[in-house]
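These notes are about the structure you will find just below.
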Amino acid sequence: MSEPTRMSNRLLEVKNVRKVFGRGGIGRQHETIALDDFSLTLYDDEPKITAIAGESGSGKTTLARLILDFIKPTSGEILWRGRNIHKMSKKELMSYRHECQAVFQDPYAAFNPFYRVDHLFHMAVTEFKLARRKADEARIIGDALEVVGLRPGEILGKYPHQLSGGQRQRLIVARAFLLKPRLIVADEPVSMIDASLRAMILDIMLKLKDDFGISFLYITHDLSTAYQISDRIFILYEGTVSETGDATRVIGNPQHPYTQLLIGSVPNPDPALKWSEDIEVSAEEELGKGDKAGCKFYSRCPHAMEECHQSPPRLYEVGEDGHYASCFLYKGSG
Amino acid sequence: MTELALKVEDLKVWYWTDRGPVKAVDGIDLEVKKGERFGIVGESGCGKSTTAMTLLRLIKPPGSVEQGRILLDGDNLLDLNDEQMRSVRWSRISLIPQGSMNSLNPVVKIGSQITDAVTAHGDSVARAEAKAKIIEMLGMVGLPARVYNMYPHELSGGMKQRVCIAMAIILQPQVIIADEPTSALDVVVQRVVTQTLIKVQERLGAALVIIGHDMGLLAQLVDRLAVMYAGKVAEVSPAEDIYKDPLHPYTQLLIGSVPSVKEKKPLEGIPGLPPTLLAPPPGCIFHPRCPHATERCRAEVPQYREVRPGRMVACHLYE
């Protein structure tokens, strides 16, 4: 993988992005570092589902909002096809919004209850000039609905309240697909969908990747679905990447003590496989989370060393296929 | 026969709308043994939360209890007047409601909020005595005594949830109902809260009814599990049996739809959608989505009965 030839293929580059909230006259103690030194590159010719996994407050939604240009980074850059998205002209930004779509958590909040669901599609067609004639519009909307397994006749003309959560979320995915994007940022797309209908949405994501070459940033707190559908994964903890790599390797063989705790805590759908032991999180730890100077996981880590208290660890290589963990345990390994 | 802590007989709870009744809970039977951890699992709209609220008689119009009995240690809760019910609530049966960590009053200190619960439902205890008791309960759920003087915003989500557990057990009820006790929490915190709940339940020797949607989480928790679908109980079985050998086709599909972190497998959902409870389908309510549906399932409602020792199911396959 020689760098120069791949330059032209770079779709999205997130370069050392940092986002600090609450900076202002009140003083540094009120600052929250939501995301720290985050980097990621996606290639146009290599569609992938990249999971960004973490607990609440880990910075995963901040990353989504940065990429979608809802907020601006404190430092670092986000490039789309080599252009900084926060410095784009109106025209460039419009084409970026065409190619990078979003799907959010709440399939109820995404609709205006006073309009029929057709409105959502009609708006997209008009805004991005996808069709000149009514017949063309109907055809492309029909095609998009078919891709997500919905029959236009059963769906169009209905109001949002007449549809189930699963149907609505599929509509949102169909609307995103309508624009033939290169990337869909999906922020917890299935966390409000029942288990029996969740598989359908995840299958659609896999299909869009395999058949249409659309990449996904799959932002989730759910490691099991991330394991099932994603190619790569980033595990975030308090704004920093604790571990990243091939999703199967990271989840199958976690190296960072935090990832190990996280994966060990996912309940197993088998009563014979219970949680190994009780874990104690003292209230003091819960209240005074994180270490200011050193590793964020210091106070909860079973392997904490003096060094971890001093400075934050960088990402060390811990395995094949770009498997990295930010932990001093692996300092010697590269 | 083991003694029962709670028995629900042919319970029907309907919500009345302009277009007729929505049969949220439509004739369910449940038995919870003393000291047992009993799970009720199902997807949105299956009636599990309505069941939880009904057990404490907290259903408000347009909802109404149409039929049935709720026997708590032999007393039918549906026969009690409001005053009697108030003295039963919290002292004999308590609830950790869904999203309860967000139900704490933001401007009242934790200690005062728990004291309110004690004085509203319990005997008139001296305030000093109540304080000692509350601090003991906070300790039981793993919180330091100083939480007594703290406000909710000073606590993390998991700590607030543990405060709600402390509040629910303070009068040492025989039955604790927990409606999705960890649904908004992260996996690690979920594990801590769940383990706290089990520890407390074992110490009190109370029966714990846990309502949830996550088959994986309930597997870690319960002795027996009821699977609800569209207002009815599909199956009740001991936890080990239900995961190894689920009887009802819905239970089988539900277990199949839980993604794993142990092995990669194609994701399986359940085709179709849950029925509208305004006009449920005739016959077995699951037949439109069932891979084994026959003519009989389309016409005749299956009887809910014991098909193997300790295993109850409502399905024509086992008749």
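The values are calculated or read from the model by the stated rules, or taken from the named source; none is laboratory data. All values reported here derive from a predicted model rather than from experimental measurement. So basically every Cβ, Gly included, is an ideal-geometry build from the backbone, and we count neighbours across all protein chains shown. We work out accessible area using only protein heavy atoms, side chains counted, and drop any ligands, DNA or RNA first. Shrake-Rupley method; radii C 1.70, N 1.55, O 1.52, S 1.80 Å.
Pairs to check: A:K19/A:K207; B:K7/B:K244; A:K129/B:K265; B:K133/B:K244. Give those whose C-alpha atoms are more than 31 Å from each other in this structure. Mind dumping the intermediate values first?
Working: A:K19/A:K207 33 Å; B:K7/B:K244 26 Å; A:K129/B:K265 40 Å; B:K133/B:K244 43 Å.
Correct reply: A:K19/A:K207; A:K129/B:K265; B:K133/B:K244.
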Which is farthest toward the positive dipole end of chain A among A:L315, A:F21, A:I251, measuring Cα position about the Cα centre, with Cβ charges +1 (Lys, Arg) and -1 (Asp, Glu)? A:F21
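Counting DSSP beta bridges in chain A, what percent are antiparallel, to the nearest 5? Don't skip to the answer; put the middle values down first.
On the way: 26 of 44 bridges.
For chain A, the DSSP antiparallel bridge percentage is about 60.
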Between segment B:243-319 and segment B:28-79, what's the alpha-carbon centroid distance in Å? 22 Å
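Kirkwood Rh and Cα-based Rg: tell me the resulting Rg over Rh for the protein assembly as shown, rounded to two decimals.
My calculation of the ratio gives 0.98.
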Under a crude label model (7 Å from the Cα following the beta-carbon direction), how far is A:D211 from B:A279 in nanometres? 3.2 nm
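Please list the helices of chain A that count as membrane-span-like by this rule: a mean Kyte-Doolittle hydropathy of at least -0.5 together with Cα atoms stretching 24 Å or more along the helix axis, each helix being a complete DSSP H run. List each step's numbers first, then the result.
Working: long enough: A:195-212 (25 Å, 0.60).
Helices meeting the criterion: A:195-212.
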Judged on accessible area alone, 1.4 Å probe, highest first, A:R182, B:R298 line up as B:R298, A:R182
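Using a 1.4 angstrom probe on the protein heavy atoms only, could you order A:F21, A:F234, A:F128 from most to least accessible area?
Working: A:F21 70, A:F234 20, A:F128 45 Å².
My answer, sorted largest first, is A:F21, A:F128, A:F234.
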Would you kindly find the accessible area of B:R146, with a 1.4 Å probe and non-protein molecules such as ligands, DNA and RNA excluded, rounding to the nearest 10 Å²? 110 Å²
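For segment B:4-318, give me the percentage of DSSP beta bridges that are antiparallel, rounded to the nearest 5 percent. Working shown, then result.
Numbers: 32 of 51 bridges.
Of the beta bridges lying entirely in segment B:4-318, close to 65 percent run antiparallel.
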So for segment B:160-259, using the alpha carbon gyration tensor with a ≥ b ≥ c as root eigenvalues (a/c under 1.5 gives rounded; past that, a/b versus b/c decides prolate or oblate), I'd call it prolate
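Could you compute the FRET efficiency for B:L58 and A:A138, with r as their C-beta to C-beta distance and R0 at 30 Å, rounded to 0.05?
On the way: r = 49 Å, r/R0 = 1.63.
For R0 = 30 Å, the calculated efficiency reads 0.05.
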Estimate for me the total accessible surface buried between chains B and A (protein heavy atoms, probe 1.4 Å, no ligands or nucleic acids), in Å² to the nearest 100. 4100 Å²
At 222 nm, what value in deg cm²/dmol follows for chain B if DSSP H runs of at least 4 each add -39500 (n - 2.57) and the sum is divided by all its residues, to the nearest 500? -9000 deg cm²/dmol
Are there residues in segment B:209-239 whose accessible area shrinks by at least 40 Å² when all protein chains are included rather than the chain by itself, and which are they (probe 1.4 Å, ligands and nucleic acids not counted)? B:A219, B:Q220
Computed FRET value (nearest 0.05) for A:K158 with B:E66, which takes r as the C-beta separation and R₀ as 30 Å: 0.45
Taking 1 over the mean of 1/r across every pair of different Cα atoms in chain A, what Kirkwood radius in Å do you get? 21.6 Å
With a ≥ b ≥ c taken as the square roots of the eigenvalues of the C-alpha gyration tensor of chain B, please select rounded if a/c is under 1.5 and otherwise prolate if a/b is larger than b/c or oblate if it is not? prolate
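If you count, for every residue in B:184-196, the Cβ atoms of partner chains within 10 Å of its Cβ, what is the mean? Please list the in-between numbers first.
Working: counts 1, 3, 8, 12, 10, 5, 4, 10, 6, 0, 3, 5, 1.
Taking all residues of B:184-196 together, the mean is 5.
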Please work out how much length the chain gains when fully extended from B:Y318 to B:K199, using 0.36 nm per residue of separation minus the C-alpha to C-alpha distance, in nm with one decimal. 39.1 nm
What fraction of the DSSP beta bridges in the protein assembly as shown is antiparallel, stated in percent and rounded to the nearest 5? 60 percent
Using a 7 Å offset from Cα along Cα-Cβ at A:T41, what residues in segment A:82-105 end up with backbone N under 13 Å from the label point? A:82
By accessible area of protein heavy atoms, probe 1.4 Å, what ranking do B:D75, A:D210, A:D246 get, highest first? A:D210, B:D75, A:D246
Two pseudo-spin positions, 7 Å from Cα along C-beta at A:A109 and at A:K331, lie apart in nanometres by 4.3 nm
Protein accessible area in chain B, 1.4 Å probe - carbon and sulfur %: 51 percent
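Under the definition of Cα pairs under 8 Å and six or more residues apart, what whole-number percent is the relative contact order of chain B? Mind showing how you got there, number by number?
Values: 594 pairs, mean separation 65.3, N = 319.
Computed over chain B, the figure is 20 percent.
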Can you pull out the cysteines in chain A that have no other Cys Cβ under 4.7 Å? A:C100, A:C301, A:C327
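Count, for each residue of B:253-260, the Cβ atoms from other chains sitting within 10 Å of its Cβ, then give me the mean as a whole number. Write out the running numbers ahead of the final one.
Details: counts 2, 4, 3, 4, 8, 7, 15, 7.
Neighbouring Cβ atoms belonging to other protein chains average 6 per residue here.
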